[in-house]
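Student: Below is a structure I'd like to ask you about.
Each value in this text was obtained by applying a stated rule to the coordinates, not by laboratory testing. Keep in mind the model is a prediction, meaning the values are calculated, not measured. Heads up, the Cβs are rebuilt from the backbone with ideal geometry, glycines too, and the neighbour counts pull from every protein chain shown.
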Amino acid sequence: MAVGAHSRVLRPRSAEEVVACLEVARRDGVPLALRGTGNSYGDASINSRGHVLDVSRMDRVLAFDPERGVVEAEGGVTIARLWRTILPHGWWPKVVSGTMFPTLAGAAAMNIHGKNNFAVGTIGDAIDEIDMVLPGGELRTCSRGMNAELFHAAIGGLGMLGVITRVVLRTKKVHSGDLWVRGISTRNLREMLDYIEGQRTSADYLVGWIDCFPGGDASGRGLIHEAHYLAEGEDSRPERTLQLEHQELPASILGVLPKSEVWRILRLFNNDLGMRLVNASKFLAGRFEGHKGRFRQSHAGFAFLLDYVPNWKWAYGRVPGRTGLIQYQPFLPFDVAHDVMMDLLARCRRAGIVPYLGVVKRHRPDPFWLTHALDGWSFALDFKVQPHTRERLWALCAELTEVVLGAGGRFYFAKDLVLGPHDIERFLPADRLAAFRALKRELDPQALLATDLSRRVLGW
Ligand SMILES: Cc1cc2nc3c(=O)[nH]c(=O)nc-3n(C[C@H](O)[C@H](O)[C@H](O)COP(=O)(O)OP(=O)(O)OC[C@H]3O[C@@H](n4cnc5c(N)ncnc54)[C@H](O)[C@@H]3O)c2cc1C
């Protein structure tokens with residue numbers, strides 16, 4: 001929302017129609033951006049210089065094996081449709097994002113991670129096979145054993161190498177529709193990172209929320225949510241909790257306020273003072289939650305917290321390209337992460353631009369060429385964008401980027417709107433980037449597939 005563009009949108013329903021769409025863009029002499037449901041925070045599926053190919057109508061689940069938990073689906077199938085198809089049979093996606101609305105193709109093209117990245121890797125690690133329509137129109141199937149290079153380049157490849165039309169992926173056997181969840185209140189960042197690290201080999205999900213406002217000893221204070229799957233037999237009524245009704249997010253908050261209206265209330269607090277108050281209240285509530293012990297929560301309730309509040313982003317303003325929010329999410333090597341995160345928080349406070357939300361996750365490396373994941377931590381920071389602070393915010397992000405790159409960190413393109421043309425060369429391994437560029441030249445010599453993001457960070 002902090003960015004936007006008007007484009008002609010093409011909505012194919014099949015691989016054949018995808019070929020026709022590529023032809024339309026070629027004939028019109030404009031680049032074509034691939035788009036799922038547009039859930040990337042920045043300009044990853046926006047094209048201010050050409051057409052957009054939206055795959056969300058290719059939304060059929062083609063096959064599901066309830067014995068093995070393997071799903072074959074068209075690229076436009078959303079994570080929501082995926083879990084709704086498999087959960088009643090006792091399966092859950094291995095990797096989901098904090099919202100259920102992304103498509104499988106969009107998720108594969110960004111190689112998304114969940115709150116369990118440290119344990120199971122990214123979505124690419126769960127994908128066995130993809131079909132792609134290449135820019136020249138040829139359909140190619142890729143897996144670890146077939147066209148392996150293209151497989152590892154296209155997953156996380158930002159939609160630059162071809163249109164993902166079909167995905168085959170493995171899912172996770174679950175014995176209940178619920179998870180065991182526990183809140184752990186932490187007084188500062190050190191406490192938070194130490195706790196998460198200590199639970200890394202036993203917990204199934206770990207995520208830390210941070211109040212970015214206080215400095216000093218309380219810098220990085222927050223609340224961790226740790227979740228575990230229920231073991232077989234632990235849920236006395238799995239046939240009930242695995243049903244979709246048990247997972248549905250409530251239609252109202254506290255039983256009275258329709259959730260479609262909640263963003264209006266959030267908007268009232270969407271300023272420095274309000275957010276200082278909201279964060280402090282959340283921290284205090286978290287201290288009580290920490291004493292509550294473990295409780296049961298549905299998979300959807302735990303995974304898709306943000307989906308409780310439809311259009312929550314509108315609380316940040318609704319003027320495309322002028323107001324909204326950006327998320328700035330560096331990924332930091334394990335050894336330096338704590339000190340760098342503290343430094344980033346201090347710089348934000350000094351600049352008088354404090355993120356309204358901070359989220360910490362633990363990650364592990366994976367084999368995909370442009371991946372963001374590493375052995376370390378990510379630190380997602382949500383900043384409000386306003387016309388009068390935009391320039392200062394971008395300058396602050398440029399300063400933070402220098403710190404992150406200097407410390408060996410990297411970035412995630414699903415969340416980026418601030419990187420410049422040469423930053424990518426400073427954090428992606430040179431051989432990987434060179435191989436990716438070579439593959440692009442081979443498969444798409446005219447750079448038919450391009451987005452505002454690719455022009456900004458890759459130069460095509
Ligand atoms: C509230 C919220 C929470 C989020 N939480 C997380 C999280 O926890 N972890 C995480 O990793 N991400 C998270 N994200 C980011 C989101 O999961 C990714 O941006 C995801 O890629 C969005 O998928 P999409 O279908 O909307 O794709 P889009 O945003 O439309 O596109 C994403 C990329 O995929 C490419 N693409 C789209 N379709 C195709 C195709 N058919 N073939 C090839 N390339 C294609 C696009 O060109 C673009 O580069 C979150 C986003 C939101 C809004």
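Student: Quick one: divide the alpha-carbon radius of gyration of the stretch 1-87 by 2.2 N^0.38 Å and tell me what you get. Please report the intermediate quantities before stating the final value.
Tutor: On the way: Rg = 15.2 Å, N = 87, 2.2 N^0.38 = 12.0 Å.
For the stretch 1-87, the normalised Cα radius of gyration comes out at 1.27.
Student: While we're looking at this one, here's another question. List the residues whose amide H sits under 5 Å from the amide H of VAL385, counting only those 5 or more places along or on another chain, with H placed 1.01 Å from N in the peptide plane.
Tutor: Under 5 Å from the amide H of VAL385: GLY324, LEU325, ILE326.
Student: Follow-up question, since we're still on this one. Working out 0.36 nm times the residue gap between ARG441 and ARG84, then minus their Cα-Cα distance, what length gain in nm do you get to one decimal?
Tutor: Values: separation 357, 0.36 × 357 = 128.52 nm, distance 3.93 nm.
Extra length available between ARG441 and ARG84 comes to 124.6 nm.
Student: Could you pull the Rg and Dmax for the stretch 317-460, using just the Cα atoms, both in Å?
Tutor: Computed over the Cα atoms of the stretch 317-460, radius of gyration and Dmax are 15.9, 47 Å.
Student: Here is a further query. Need the list of aspartates and glutamates near LYS94 for cross-linking: C-alpha distance under 12 angstrom, and skip anything on the same chain fewer than eight residues off.
Tutor: Within the straight-line cut-off, LYS94 pairs with ASP125, ASP204.
Student: What order do you get for 215-222, 428-435 when each peptide is scored by the mean count of other beta carbon atoms within 10 Å, highest first? Write down the numbers at each step before the final one.
Tutor: On the way: 215-222: 17.1, 428-435: 13.1.
The densest-packed peptide leads the list: 215-222, 428-435.
Student: Related question: Using the beta-carbon distance between PHE288 and ASP343 and R0 = 45 Å, what value does 1/(1 + (r/R0)^6) give for FRET efficiency, to the nearest 0.05?
Tutor: 0.90
Student: So who's got an amide H within less than 5 Å of the one on ASP128, skipping anything under 5 residues away but keeping other chains? H placed 1.01 Å off N, in plane.
Tutor: So ASP128 has HN proximity to VAL168, LEU169, ARG170.
Student: Fully extended, how many nm does the chain gain between ARG392 and VAL24 (0.36 nm per residue separation, minus their Cα-Cα distance)?
Tutor: Values: separation 368, 0.36 × 368 = 132.48 nm, distance 4.06 nm.
Gain in length upon complete extension: 128.4 nm.
Student: How big is the C-alpha Rg of the chain next to the rule-of-thumb value 2.2 N^0.38 Å, as a ratio? Walk me through the intermediate numbers first.
Tutor: Details: Rg = 21.4 Å, N = 460, 2.2 N^0.38 = 22.6 Å.
Dividing the Cα radius of gyration by 2.2 N^0.38 Å gives 0.95.
Student: Just the C-alpha atoms of the stretch 227-343: what Rg/Rh do they give, with Rh taken as the Kirkwood radius?
Tutor: Working: Rg = 18.4 Å, Rh = 17.9 Å.
My calculation of the ratio gives 1.03.
Student: Students often get this wrong, so check it: of LYS259/LYS384; LYS173/LYS440; LYS172/LYS384; LYS173/LYS282, which have C-alpha atoms separated by over 31 Å? Please list the in-between numbers first.
Tutor: On the way: LYS259/LYS384 22 Å; LYS173/LYS440 37 Å; LYS172/LYS384 36 Å; LYS173/LYS282 33 Å.
With Cα atoms farther than 31 Å apart: LYS173/LYS440; LYS172/LYS384; LYS173/LYS282.
Student: To the nearest 500 deg cm²/dmol, what mean residue ellipticity at 222 nm is calculated for the chain from DSSP H runs of n ≥ 4 alone, each contributing -39,500 (n - 2.57), summed and divided by the residues?
Tutor: Details: 17 runs with 156 residues, N = 460.
Helices in the chain give a 222 nm mean residue ellipticity of -9500 deg cm²/dmol.
Student: So what are the ³J(HN,Hα) numbers for the stretch 223-235, from phi and the Karplus equation (6.51, -1.76, 1.60; θ = phi - 60°), rounded to whole Hz, Gly and Pro as x?
Tutor: Per-residue couplings from phi come out as 9, 9, 10, 10, 9, 10, 5, 7, 6, 4, x, 6, 8 Hz.
Student: Identify the residues of the stretch 363-382 with backbone N under 18 Å of a label point that sits 7 angstrom from the Cα of ASP272 along the Cα-to-Cβ direction, or state none.
Tutor: 382
Student: Given the Cα-Cα distance of GLU138 and GLU261 and 0.36 nm per residue of separation, how much length would full extension add, in nm? Kindly include the intermediate steps, with their values, before the conclusion.
Tutor: Numbers: separation 123, 0.36 × 123 = 44.28 nm, distance 4.64 nm.
Additional length available on full extension: 39.6 nm.
Student: May I ask you to derive the FRET efficiency for HIS228 and ALA280 from their Cβ-Cβ distance with R0 = 41 Å, giving the value to the nearest 0.05? Numbers along the way, then the final one.
Tutor: Working: r = 29 Å, r/R0 = 0.71.
Between HIS228 and ALA280 the formula returns 0.90.
Student: Right, here's the next one. Quick one: in the stretch 377-460, what % of C-alpha pairs are over 14 Å apart? Let's see the in-between values first.
Tutor: Working: 2440 of 3486 pairs.
Within the stretch 377-460, distances greater than 14 Å cover 70 percent of Cα pairs.
Student: Now for a different question. Sorted by mean Cβ packing within 10 Å, highest first, what order do the peptides 15-26, 273-284 take? Please report the intermediate quantities before stating the final value.
Tutor: On the way: 15-26: 17.5, 273-284: 15.6.
Answer by packing, highest mean first, reads 15-26, 273-284.
Student: Would you mind estimating how fast the stretch 91-195 diffuses translationally, via Stokes-Einstein at 10 °C and 1.306 mPa s with the Kirkwood radius over Cα pairs, in µm²/s?
Tutor: Details: Rh = 15.5 Å.
Translational diffusion coefficient: 103 µm²/s.
Student: Please sort 343-353, 102-112 by packing, taking for each peptide the average over its residues of neighbouring beta carbons within 10 angstrom, highest first. Don't jump to the answer; show the numbers that get you there.
Tutor: Details: 343-353: 16.5, 102-112: 28.9.
In decreasing order of mean packing, 343-353, 102-112 become 102-112, 343-353.
Student: Further, regarding this structure: Net charge around GLY215, counting only other residues with Cβ within less than 10 Å of its Cβ (Lys, Arg = +1; Asp, Glu = -1)? Don't skip to the end; give the middle numbers.
Tutor: Values: positive: ARG349, ARG350; negative: ASP217.
That sum, taken over residues with Cβ under 10 Å, equals +1.
Student: Provide the percentage of antiparallel DSSP beta bridges, counting only those with both residues in the chain; round to the nearest 5.
Tutor: Working: 64 of 71 bridges.
Here the share of antiparallel DSSP bridges comes out near 90 percent.
Student: Mind listing the phi-derived Karplus ³J(HN,Hα) values for the stretch 324-329, rounded to whole Hz, using 6.51, -1.76 and 1.60 with θ = phi - 60°, and x for any glycine or proline?
Tutor: Rounded to whole hertz, the list is x, 9, 10, 10, 10, 10.
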